[in-house]
Amino acid sequence: MLGQDPYVDTLYGCFRLNNPKGDQFTPEREVEIVARSGRKNRVSVPPNLRVDLPADQKVVNTDLFRLEEIGRHGDSMHLLTMRAGWNQTAADIRQIIKLDKHGTFVAKVTGPGFEIPVATSSVLPLGRNNTWIGMILVHPEVRRQGIANAMMQACVRHALEQGKVINGLDATPMGNTVYGAVGYVNSYRLWRSVFQLAEFAGKPFDRQRVTPMMETDLPEVIRYDAAAFLEREDILRKLFADGAGGCFVYRNDAGTVQGYGYSRPGRLRPFVGPFIADEEEIARQLLTAVSLKLLEDPANETAFLDTPESKFADKGVY
């Protein structure tokens with residue numbers, strides 16, 4: 001029920017909006033707020049809280065629209081990830097904001113007596129020179145108003161103002177249409193898999209070469225990762241700290257790093273990654289070690305893994 005608590009009215013203010021280009025206002029609705037949860041919540045909005053968006057132009061082109069640093073609105077980003085069915089935890093959101101609080105944004109619809117967060121975005125620093133855009137999320141009730149495009153442009157401006165290169169972003173199929181319109185081109189397709197950890201129960205791996213990652217391994221792992229992908233020391237160190245011992249490194253007989261795999265908590269299920277290996281057999285060894293570690297917690301039955309399409313065994317039909 002909106003209209004009783006200012007925090008609730010702000011966090012769920014998207015339901016106050018009457019969007020002539022999309023969702024129309026309704027005082028009562030059933031909404032699956034957490035995507036694919038199978039549970040619907042009744043949302044009640046007193047008619048006097050209704051906020052009408054202009055019918056003759058997009059809200060981003062009006063004084064109603066404001067885009068600023070995210071500040072105290074981390075909860076809005078977390079809510080948006082849940083509505084999208086993403087796997088981030090509240091701790092993940094805090095870490096994203098902490099990496100660059102000036103490069104993490106919230107979009108609001110504002111006016112007399114209301115300030116409604118409707119979208120978020122971030123441009124994460126990767127080392128000294130690189131950035132990666134992400135977390136571009138818009139409440140469904142305010143789509144088709146140009147907001148995702150505005151968020152993307154804010155990220156680009158911030159990166160350029162910092163003198164950094166914009167290396168890329170992860171795009172869902174829906175987001176891909178927005179990013180293509182501002183000049184991004186596809187690099188490669190990732191497949192997000194859910195796999196049964198029990199597939200690895202009892203499977204052996206080379207415990208001489210695959211070992212739990214220690215903090216002393218991080219400098220070599222960070223250099224290996226930078227050579228294979230991009231410099232991202234801060235992120236790897238923070239994820240290692242959150243990994244609860246679920247990170248592994250593969251070294252050959254000469255002691256050279258040839259792969260590593262992280263696991264970390266998720267809102268829906270654990271996530272395996274970042275995960276890089278020189279060869280498929282090394283990848284199998286690392287994935288076995290990571291999965292067996294996750295199986296030590298009886299609550300873990302499945303995990304997410306992102307795989308480049310070129311390495312995905314069964315691409316299916318799409």
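Just so you know, all these numbers are worked out from the coordinates, no wet-lab data involved. Quick caveat, the model's predicted, so the values are computed rather than measured. Virtual Cβ from ideal backbone geometry, glycine too; neighbours counted across all protein chains shown.
Quick notes on this structure:
- Electrostatic bookkeeping for Arg29 treats Lys and Arg as +1 and Asp and Glu as -1; over the other residues with beta carbon under 11 Å from its beta carbon, the sum is -3.
- Averaging the Cα positions of each part gives two centres, and for the stretch 287-315 and the stretch 52-116 these lie 32 Å apart.
- Efficiency of FRET between Ala91 and Thr26 - r from beta-carbon atoms, R0 30 angstrom, step 0.05: 0.30
- Residues of the stretch 200-217 with an amide N closer than 12 Å to a point placed 7 Å from the Cα of Glu281 along the Cα-to-Cβ direction: 206.
- Longest exposed-site-free window of the chain, the sites being GluC sites (Glu not before Pro) in a DSSP loop that have at most 15 other C-beta atoms within 10 Å: 33-278
- The Cα center of the stretch 20-50 and the Cα center of the stretch 210-248 differ in position by 42 Å.
- Each of Thr62, Thr177 was scored by other Cβ atoms within 10 Å of its Cβ. Listed from fewest to most, they are Thr177, Thr62.
- Counting every pair of alpha carbons in the stretch 169-318, the share spaced more than 27 Å apart comes to 25 percent.
- The simple Förster model, with R0 at 35 Å and r as the Cβ-Cβ distance, assigns Arg36 and His102 a FRET efficiency of 0.55.
- log10 of Debye I(q)/I(0), alpha-carbon scatterers only, for the stretch 1-151 at 0.10, 0.13, 0.14 Å⁻¹: -0.35, -0.58, -0.68
- Peptides ranked, highest mean first, by Cβ atoms within 10 Å: ranges 133-139, 153-159: 133-139, 153-159
- For Ile136, distant residues with modelled amide H under 5 Å away: Ser122
- Pairs from the list Lys21/Lys238; Lys108/Lys311; Lys40/Lys238; Lys58/Lys101; Lys108/Lys238 with a Cα-Cα gap above 32 Å: Lys21/Lys238; Lys108/Lys311; Lys40/Lys238.
- Normalised size of the stretch 161-207, defined as Cα radius of gyration per 2.2 N^0.38 Å with N residues, equals 1.93.
- Between amide H atoms placed 1.01 Å from N, distances below 5 Å from Gly273 occur with Tyr262, Ser263, Arg264, all of them 5 or more places distant or on a separate chain.
- Per residue, the convex hull spanned by the Cα atoms of the chain amounts to 153 cubic angstrom.
- Loop-located chymotrypsin sites (Phe, Trp or Tyr not before Pro) in the stretch 203-246, at most 14 other Cβ atoms within 10 Å (DSSP): Phe229
- Ordering Gly183, Asn48, Gly259 by Cα displacement along the dipole of the chain toward the positive end leaves Asn48 in first place; charges were set at the Cβ atoms of Lys, Arg (+1) and Asp, Glu (-1).
- In this structure the amide hydrogen of Leu17, modeled in the peptide plane, comes within under 5 Å of the amide hydrogens of Val51, none closer than 5 places in sequence on its chain.
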